[in-house]
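Everything below concerns the one structure shown next.
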Amino acid sequence: MRVFGLSISAFTALTLASSAWGLRGLPKENESLYKPDENGNWACLGHPDIVISFDKINDDYCDCPDGSDEPGTSACAAVAPPGGGFFCENPGHFPGVLPYNRVDDGACDYDICCDGSDEKEGVCINKCQEIHDEYIKVLKSQQDALERGLQARQKLVAQAATARDEQQKEIVKKEKELKEKQTFLESRQEILDRLVETQEQDVSSGKVSKSKSPEAIEKVAIKLEDLKRSYGEFASRLQAAESDRSQLDRIFEQLKDTYNPNFNDPAVKDSIRSWEEVKSNSQLSSDASSVNLDTESLAALIQELHEYRDESSAVLERQQSIAKGGTFFKILSLFVPSSSQQLLASYLYELKVWLARQGLAAYPPMDHPGSGHQAGEYSESIEIRDARKVVENIQNEINDIQSAIETSLSDLSADYGQNDVLRALRNVCVENPVGEYDYEVCFFGQASQKGKGSNTNLGTYSSLKRESDHFVMTFENGARCWNGPIRRAQVNVYCGSVSEISTVSEPEKCEYFFKMTSPAACDPNLKVDVEITHSDL
Ligand code: MAN
């Protein structure tokens, strides 16, 4: 803090201002420059060729072009060199240098000349003792504030150390977790690889896995219920087709019995011959009735599945026989429209694949109607899918842990200031009412303006810079101003024993300037260990 920095140099200077000295406005160290020669004359300091009588010094008339003959009046104010001025000795306080034009102007310039020497004798009383006492009081209170701030800072430093410790422990924990997960991943990957290999072998050999459970059988039963319903629908359509066909049969029988062959009508003759041919090749009636039988078989099977769900091997055989389903499909394909055939085929195929996944049947061949698969492909079993999901989940967890470790490591090596003190402020928010709003600053987080029913984002933490007696945090990319720029904020943090927002201004529309205090900004290097007593003066 500059004020403390000043105080250090001030104390050094304090010892220099000790006693009064004869020539007005001249510091004692320049005494040797103002000696008359043997004739009582003196040469201007910057113009040795101009010689004046020594008693013309401080006679309120400017004789020397450099003004050196008037160190204690305002006569040479216009020509005084830059930086020069009337020297006030200020015994008991700090010497000061007053611009010449303020000398003998009737005003007591106590801010620089507490001894009143800038005015004629008797105009200004000497106030150096009083002013110095006040100065010491302010200095002490500032030192006390710094002391309190530094004590509070110590707490923050301790919190920062704990936070760092916790972060390190967390990293160790995460690294251990990572290793365990990686081992777990390897074992699960092996299981997956084995399952995939087994299924590939099973698919190529047609071998059926024996894994099954009552729940799996229950699912089969539900699926079969659906299939039964579907079979029923197709059976009804088949019966309808069969009845249409019977009617046609009757019509053709009638035509055959009643037509007159003597008319020699080739169209009628051809039709009757074709019909006889179709009829002799067709097995429709018997096959159609077997559709009904299949539907009943399914119903019975479902019943059995419910009753014997634990006896899965028996169920397996039945499912395998159902899953074959070849004859039934072929018969149906004679009568149902091609669009419905496709539907039925894919339905059957799905059922077969599902049974296979449950380990209850062999995988259907690639050329099975409705498969939609290319040769060489096959569906993964649920076991494989589950195993793959487990592997994927573990891999995702590993990725998350790795990125958390990376983030923590980079945060650990980040610059959080002297003694790592600012680490304690991560996630710390300070909120105070200032003017018509409540303002909030979350260190390394977000700055906000609250009130009037809204919470406006003034920006997200962007950068940190240390200045001599404070640090500067910037917050960028806040909410866009209506008809204006994106809000941003600069927060200057000064030393103080408590964290609080002191002032907020908006120098440009939607650009905010905060001043706040925090123990984190107290600099231990600026601590002044000087005991001030009047005996020092
Ligand atoms: C709100 C506040 C003000 C800002 C105006 C701009 O009233 O966020 O700080 O100047 O919007 O429209």
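Quick notes on this one:
- Residues (touching a helix residue (DSSP H, G or I) at 6+ places or on another chain (Cβ under 9 Å), without any contact (Cβ under 8 Å) to a residue 24 or more places away in the chain and not in a loop (DSSP other than H, G, I, E, B)) located in segment 57-104: Ala78
- Test: residue in segment 426-435 that is without any contact (Cβ under 8 Å) to a residue 60 or more places away in the chain and within 28 Å of Glu170 (Cβ to Cβ): yes
- Within segment 501-526, considering residues that are more than 28 Å from the chain's Cα centre (by Cα) and more than 30 Å from Pro485 (Cα to Cα), the one nearest to the ligand (Cβ to nearest atom): Cys522
- Selected residue (only one of Asp144, Asp115 is under 54 Å from the mean Cα position of the chain (by Cα) and either under 28 Å from Asp60 (Cα atoms) or outside any strand (DSSP E or B) (or both)): Asp144
- Considering residues of segment 461-483 that are surrounded by fewer than 17 Cβ atoms within 10 Å (Cβ to Cβ) and within 21 Å of the chain's Cα centre (by Cα) only, the residue nearest to the ligand (Cβ to nearest atom): Ala479
- Verdict on Val493 being in contact with a helix residue (DSSP H, G or I) (Cβ under 9 Å, 6 or more places away or on another chain), part of a strand (DSSP E or B), more than 16 Å from the ligand (Cβ to nearest atom) and in the same structural domain as Gly435 (by TED's automatic domain parsing): yes
- Comparison of Gln143, Gln151 shows that the only residue that is exposed (fewer than 15 other Cβ atoms within 10 Å of the Cβ), out of contact with any Leu (no Cβ under 7 Å at 6 or more places or on another chain) and touching a residue at least 60 places away in the same chain (Cβ under 8 Å) is Gln151.
- Segment 26-45, residues that are more than 25 Å from Cys113 (Cβ to Cβ) and small (Gly, Ala, Ser): Gly40, Ala43
- In segment 432-460, the qualifying residues are those that are at positive phi and part of a strand (DSSP E or B), and the one that is nearest to the ligand (Cβ to nearest atom) is Gly451.
- Here Val498 fulfils each of the conditions (1) within 16 Å of the ligand (Cβ to nearest atom); (2) β-branched (Val, Ile, Thr); (3) modelled with pLDDT under 95 apart from (1).
- Looking only at segment 32-51, and only at residues there that are surrounded by 14 or more Cβ atoms within 10 Å (Cβ to Cβ) and under 15 Å from Pro71 (Cα atoms), the one that is nearest to the chain's Cα centre (by Cα): Leu45
The values are calculated or read from the model by the stated rules, or taken from the named source; none is laboratory data. In this text the structure is predicted, and so the values were computed from the model without any measurement. When we count neighbours, we look across all protein chains shown, and the Cβ atoms used for this are built from the backbone with ideal geometry, even at glycine.
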